[in-house]
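Just so it is clear, none of the values below were taken in a lab; they were calculated from the coordinates. None of these values were measured; they are calculated from a predicted model. Here the Cβ positions follow ideal geometry from the backbone for every residue, glycine too, while neighbour counts run over all protein chains shown.
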Amino acid sequence: MNLSMPDLSGLTWSGVGDWLVGTPLLIITVVFVGFVARFLLHRLINRVVTTATSKRAERLASIPGAGRALQAVGVANVRHVQRTQTMGALLKSITTFVVGGITVLTVLSLVGIPLGPMLASASVGGVALAFGAQSLVKDFLSGVFMIVEDQYGVGDVIDTGEVVGTVENVSLRVTQLRDAGGMTWYVRNGEIVRIGNKTQGWSTAIVDLAIAYDQDVEKAIGVIRDVVSVMDDDEAFKDILLEEPKVVGVESIANGAITIRVIAKTIANEQFGIQREIRERVKLAFDREGVRSPLPVMPPYGGTAPK
């Protein structure tokens, strides 16, 4: 292999100066523009993250009765802030990689390194990767939009169409759920067509209370209103009930029973406990006031039915 030194006999100071003013200056300019572009993109991402966080706080504040449950819903707001900041960090890494790659390729072109074979190889590899990783890209993009839009998070109870369960882990590709039976499900984000979030914002507790057909409806409604009013003043439920439960009236009359409906607005995923508490308190109040349940009542084994 024959190695020879380049001929420097024709090199002049004027030529060196022209070379320094030309290519090196362009390289410095390209690098500077790359740093400025990266800085501006990161500023834009920070602003988007701040805007998303403030909109989340405004949405929580607009929930009816949020003033009473601000401390309770604050946990969800903190979770959203953390996830939004994580997404911002990911976007910053992506923009740094893209801007850095473009800058490096531009510098290589200015230096005189041929980029044709490199770009051709990258194109062939990109096409092969695109065909082989379509589902992966779909899952990734779905995960990005899921995080940005705050569709659900860890601890939420969601319905994905295929399974209903509590979210235990969320990544850009897979969502991990645990259903009521204790089974763990791994659902790819790209395969989720619709999401029903049962624990976002607020929930509604609906309680139907049946009394016998011959009972005084006004008396029963009055008893129920007294119960829910006392319950609303209870300190144990101040951070759960967003407003005083409403007795909306008679829901149905059928089979010798009159059904009275109560509706209560609660913080997310607390409606079931409120339903049980209302039923228990109303039952005790009905017993005190002599409000009878519908007949027939099942008799004890071997006994006679009550009259």
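List of remarks:
- Applying 1/(1 + (r/R0)^6) with R0 = 22 Å to the Cβ-Cβ distance of E191 and V98 gives a FRET efficiency near 0.20.
- Each Lys and Arg contributes +1 and each Asp and Glu -1, all at the Cβ; summed about the Cα centre of segment 223-292, the dipole is approximately 400 debye.
- Computed over segment 133-268: relative contact order in percent, which uses C-alpha pairs under 8 Å that are six or more apart: 21 percent
- In this label model, N46 and E218 are separated by 6.7 nm, measuring between points 7 Å along each Cα→Cβ vector.
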